[in-house]
Structure formats: structure tokens, C-alpha cells
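See structure below.
The values are calculated or read from the model by the stated rules, or taken from the named source; none is laboratory data. As the structure is a prediction and not an experimental result, all values here were calculated from the model. A quick note on method: Cβ atoms are made from the backbone with ideal geometry, for glycine too, and the neighbour counts reach across all protein chains shown.
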Amino acid sequence: MNSIVSALRFFFTHTLDCPDLARRLVRLAHPRKLPVVLSRDEVARLLNATTCLKHQAALSVAYGAGLRVAEVAMLKVADVDSERMLLRVERGKGGRYRNAMLSEDLLALLRQWWRVGRQQGVMHRDGWLFPGQHAMKPISTRQLHRIVVEAAQAADIAKRVGPHTLRHSFATHLLEDGTDIRIIQVLLGHAKLNNTALYAKVATRTVRAVTSPLDKLGLFKPGEISPDG
């Protein structure tokens, strides 16, 4: 519906040059669902449940750098900048370029995958970081989705999990660790802070760390409350 409204707005404003008609067109506000987030233990179980090193490395990039599934698929070997400890994302959402974080553990895993991939003859210095069935083509987003689903099933995770779940978990876990939300916004490549702020609603560790003002009153201490009320 909103796409139709946008098209009509463009038609009235730019094609017919009647902006007054466009003002009557109102976009509908859809309630945003809270993202599914895995616990740290569930992430570890999922990554360990992958069937090969390439799959484990690809999903580790999605979680460890907070990349979208398409961004993971389109990474090239040259995008791994071990000098600056960055991943260059050249095909981000909206065609935007950005740098993503590269941790020491993730770099070690990618180097291990590089050695194995070279032995298998599928890795090339100018090629894809995660080649598909054909070495000259990248892994597909559909295949990455299937890998995540199968790993979640093998890890006995009941939640509905997809590649984007790892990105959601990355952002939520950073927020729970006290990382500034504006830094998380940059790491995720969000154009608006409102999109990043959504993770504050699912950061349960952050919520648990807050002291209730009721507790500060000191009225109800354990052992001092009468069982009769």
C-alpha cells in the first residue's frame, strides 16, 4: 500500500505538478515486530553445528561483523583488510560503502578458510571470499539461508532463525555490552538511528542491569515481608 502511495505522490508532484493533491496521500504506519535474537550460547551452538569450514566462516562473518546476508555473499578476498582490521563492504544496502569490524578471532578463522579453500582450488586472491558451487560465482543468499536453518535445527534451536538473526544478535549483544548505540549504527550501516534503537527493546541483559526505583526505596527486603501480607 505504501509503495502505491509513494508512486501517486511522485505522479501528482512531479508529473502533473500538482503538489496540493499529493498532500492528501498519507502513508500507513505498520507496527514493527521485534527481531528474533539468539543468546550467546545459541550463537555458539549454531556456528559449531555447521557442516564445513566455509559455512562456519560465512555465518561467523554475519555474526562477528553484523553483515546482511547479501553483504556476506558479495565479499571478496581483497575486502579483508588485515592491516586495519576491517572488512570493506562495497555492496551494502542502497549501494553505500562502509567498513565493518574484523575481530582477531574472525580473522584467524578466515585465514584458516583461505588455506583450506586454496587446497580445494576454489579460493583465488581476486575471487570471492565465499564461492558458490562454481568458483567464479559467489555463494547465493538462498544457500546461506538454508545453511543457517539447517545449523539451527542441528543445534536444537527452536527459534525461527535466518541469516539476519545473526545480524540482530550482533547488534543486541554489543548494546548489552555497553557499546554506544551510535557506534552500532555505523557498524550496521543504518542511515537512521531509529532503526538501531529498535535493539534496545530486545537487549534483555541491559534491562536486567537497570535498578528499579522501587528497589531503591528499600521497603520490601527479603525475609522482612510477612507471609500473611
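From the set of residues in region 35-55 that are farther than 17 Å from HIS145 by Cβ and surrounded by 15 or more Cβ atoms within 10 Å (Cβ to Cβ), which is nearest to the chain's Cα centre (by Cα)? Spell out the reasoning first.
The initial filter retains those residues of region 35-55 that are farther than 17 Å from HIS145 by Cβ, namely 37, 39-42, 44-45, 48, 53.
Filter once more, keeping what is surrounded by 15 or more Cβ atoms within 10 Å (Cβ to Cβ): 37, 39, 42, 45, 53.
Values: VAL37: 10, SER39: 14, GLU42: 15, ARG45: 18, LEU53: 21 Å.
Among them, the one singled out is VAL37.
Going through region 125-138 one residue at a time, which ones are of a type in the set (A, V, I, L, M) and loosely packed, with under 14 Cβ neighbours inside 10 Å? Break it down stepwise before answering.
The initial filter retains those residues of region 125-138 that are of a type in the set (A, V, I, L, M), namely 129, 135-136.
MET136 - this is the single residue of region 125-138 that is of a type in the set (A, V, I, L, M) and loosely packed, with under 14 Cβ neighbours inside 10 Å.
Would you check if MET85 is at pLDDT below 95, more than 18 Å from the chain's Cα centre (by Cα) and at positive phi? So MET85 passes the test.
Does region 103-124 contain any residue that is in contact with a Gly (Cβ under 6 Å, 6 or more places away or on another chain), surrounded by fewer than 17 Cβ atoms within 10 Å (Cβ to Cβ) and on the phi < 0 side of the Ramachandran plot?
Checked against the condition, which is being in contact with a Gly (Cβ under 6 Å, 6 or more places away or on another chain), surrounded by fewer than 17 Cβ atoms within 10 Å (Cβ to Cβ) and on the phi < 0 side of the Ramachandran plot, region 103-124 yields at least one hit.
Restricting attention to region 139-171, the residues that are more than 19 Å from VAL72 (Cα to Cα) and either at pLDDT below 95 or surrounded by 15 or more Cβ atoms within 10 Å (Cβ to Cβ) (or both) total 5.
Looking at region 137-164 only, could you name the residues that are among the polar types (S, T, N, Q) and in a helix (DSSP H, G or I)?
If the condition is that a residue be among the polar types (S, T, N, Q) and in a helix (DSSP H, G or I), then THR141, GLN143, GLN153 are the ones that fit.
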